[in-house]
Every structure is written in structure tokens, then in C-alpha cells.
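Student: Can you keep this structure in mind? I'll have questions shortly.
The values are calculated or read from the model by the stated rules, or taken from the named source; none is laboratory data. Predicted model, so just to flag it, every value in this text is computed and none were measured. Ideal geometry is used to build each Cβ from the backbone, glycine not excepted, and the neighbour counts take in all protein chains shown.
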Ligand code: ATP
Ligand code: MG
């Protein structure tokens, strides 16, 4: 039998029950020398593998929630909670996102379908979804752990991100968006700083694509998930058809915010927005925001303006934006995002 493969029908002679506890891990995994047994089956590993087990791949598809130890809570969103967890067999770290939702049986099929799409994504600019479960009114998603947290977390530390770093971040986001749009035919729908994750290697990846689609498709509960309207395009607010270009609008607002340190729309009164409709009205009725030309390069100002065209037809695609002078401007410079991310503020939790 192939090393490391599952043999569900293998017959075992187990020690008497009194002695068995010393072989059991907290998750109920039986471990003795070359043998690893859990409710998913039997795994035979060589001694070398026992010491350094093969790392889990997205295609493994045999993870169980019981095989993870919770380390700590790393984030909270409107929809749920994100924990750093460690896989008991391999020691690998993952982020476990749990979204509470009590939905009818009929909506489950939809969710299973959407989660499959998430899982099949293989792109270095998109956060890997290893496995997802629907259990007892909650969706649990095992995600690649990004040790720098979100761009939102990072922006809070540094206040503003200089243009050369923004171009390097944006290039990766555009590659991720192009993959989602062109290869997967997915509209992200919720592109915002907290859905762009970073790590100590200087990588930037898009997360939570498809999640908003899942929540929107479970119509009865769609309103209980109130995310932010801040980055929503005018055509989407107006309730008409919207497409990939809606993500490009959000991208423009996100990068303008990263450059200035402020959300691009300001409330008419000092107390802030009275309600969400006031902000929505501003997005639909006011001219699109711009990057101030006395503070930013012409290339950056032009990039932002291209993204936040009020008419989606006037916005370039992710692929077209890759060739924009702002993105290509620093091609010959050594922009070290790893150093920038790790050297700014408190050190990243590198694991
Ligand atoms: P919303 O619920 O409105 O979408 P959100 O994006 O902030 O808001 P979550 O997606 O639950 O909410 O994420 C909350 C926080 O958890 C993020 O801001 C980030 O700091 C952290 N986080 C999420 N996913 C990961 C991950 N894969 N690796 C590391 N940290 C993560
Ligand atoms: Mg998120």
C-alpha cells in the first residue's frame, strides 16, 4: 500500500481499552508508531514521516475539525470569528473562520456548492481554502493562515502606505482579481481592506470571495449580515445589474484610502454619517473621489480615477490595470514588501 494513503477496511488488533488512552490524542486520533487512526480511516506512515509528517495540501480533503487545537482568536468580523488553529498531526497553522447562521435545509445545497468553488481555487494571490464544513448552524472554513493579518490591521499601524509599496500590493491584488474574474468567473462583491491579507513573505492575497455570495443567496438571512457599504459601487447600490467592474470600483476606493489614510467619502456633518443611506446617496450622487494631485504622482491619480469611474463600462478590467503606468512605474526598483510588512510597527507573528 502506498505510504500515507488511507486504508479504511484494514483490520487492527488494538490494545485492551485500559491501555488505549496513552495512544489517543485529544481529538480521538489513535497513534502508535507507524499507525495513525481516526474516524476518517487509517494512515500508515513511515517513522521519518511520524517525525516530520507531510504537510497538508489543499487537495487533501480529509481534514476534520477535531484535528485542530485552537491557539487564539485573531479577528472578529460582522459574520463571525477567526481563530488561529494548529493541526495536531502536522503542526501546521491555519485560520479557522466560523460563521454562525441558522438556515433552512434548502439553502444548504447552495452553500455546499459555493464552498466547493472556494476550495478549488489555486492561485498564489488568493487565500487558500483547505476545507469547509456546515455543522450545527455554523459554517466553518479552514483557511491558509496569513501572519500579517489584514491590510486594514496594517493600515491602522502605519496610517498611510507610500506609493511604491501600494503599487507592489496592488499588483498582487490585480493578479488575484484577474484570477477570480477571468478564471473563476466570480465577482468578489466585498473587496475591502480587511479582505486583503498579508504575510511576512511580502505576499498579499484576497480572501472572503464567495462568502458574500453565499450569504446573499441565503435570502432569508441576507439582511442579518450587514457588512460595510463603504466600498460598494454606485450601480450596486442602485440595485441594478452589476458585474466584475463593481470590484474595480472597490479596488480604487481601497487604494485611495491606503494612500491618504482616510476613507475617501467624508460625512457632511462632524458627527459622521447619520445613517447608511446618507453614505449610499453620496456614492451615487456625488462625483467620484480623486487622489489630490498636489500630494500624489500623476500615475497614482490616474490609476484611482480609472478605477472609480461612475459608469462601470468606463472602468478598465483587472488585466488592463496591470499595464497601467502606476503599476509598471516601480518595475525596475527593488520594492521589498516583506521587509516593509515585517519592519513596520510591532513584529508579525511569524510561525
Ligand atoms: P466582515 O465580517 O464584515 O467581512 P472582516 O473581513 O473584518 O469583516 P473577517 O473576515 O471575519 O471579518 O476577518 C476578521 C479579521 O480576522 C481580519 O481583519 C483579519 O485580521 C483576521 N483574519 C481573517 N482571515 C484570516 C487569515 N486567513 N489569516 C490571518 N488572519 C485572518
Ligand atoms: Mg473578511
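Student: Of everything in region 65-79, what is in contact (Cβ under 8 Å) with a residue 40 or more places away in the chain, within 16 Å of ligand 2 (Cβ to nearest atom) and assigned to a strand (DSSP E or B)? Give them in sequence order.
Tutor: Within region 65-79, 74, 75 meet the criteria.
Student: What strands (runs of 3 or more DSSP E) completely inside region 124-237 contain at least 3 residues that are modelled with pLDDT under 90 and in the same structural domain as residue 101 (by the TED database)? Talk me through it step by step, then tell me what you get.
Tutor: Numbers: elements: 129-135, 138-144, 196-198, 204-206.
Counting at least 3 such residues, we get 129-135, 138-144.
Student: Out of 208, 190, I need the residue that is at positive phi, touching a helix residue (DSSP H, G or I) at 6+ places or on another chain (Cβ under 9 Å) and buried (at least 20 other Cβ atoms within 10 Å of the Cβ). Which one? If you could, list the steps in order and put the result at the bottom.
Tutor: Values: 190 fails: at positive phi.
So the residue among 208, 190 that is at positive phi, touching a helix residue (DSSP H, G or I) at 6+ places or on another chain (Cβ under 9 Å) and buried (at least 20 other Cβ atoms within 10 Å of the Cβ) is 208.
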